[in-house]
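What follows is a short report on a single structure.
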């Protein structure tokens, strides 16, 4: 499903500590047992209009050529 991938890349998605409602949407302000994109699609019949892509920055490895001692 493309909705699954869309929600996982959204900046408003968060993970809760509630085991019965592990997914949440900060923009809509709800928690649910399914990904928020599934709930929005089931309710409105459209993809989420508030999707914003996450700013993901990967750290570069420092001293990649550095050889250390194995213990």
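The values are calculated or read from the model by the stated rules, or taken from the named source; none is laboratory data. Bear in mind that the values here come from a model prediction, so they are computed numbers and not experimental data. In this analysis, Cβ positions are derived from the backbone assuming ideal geometry, glycine residues included, and neighbour counts consider all displayed protein chains.
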Enumerate the pairs (first residue in segment 26-46 and at negative phi and touching a residue at least 24 places away in the same chain (Cβ under 8 Å); second residue anywhere and in a helix (DSSP H, G or I) and exposed (fewer than 15 other Cβ atoms within 10 Å of the Cβ)) with beta-carbon separation below 8 Å, excluding pairs fewer than 6 apart on the same chain, so at least 6 apart or on different chains. 35/4; 35/8; 37/4; 38/4
Just checking, does segment 27-39 include any residue being surrounded by fewer than 13 Cβ atoms within 10 Å (Cβ to Cβ), modelled with pLDDT of 90 or more and not in a loop (DSSP other than H, G, I, E, B)? no
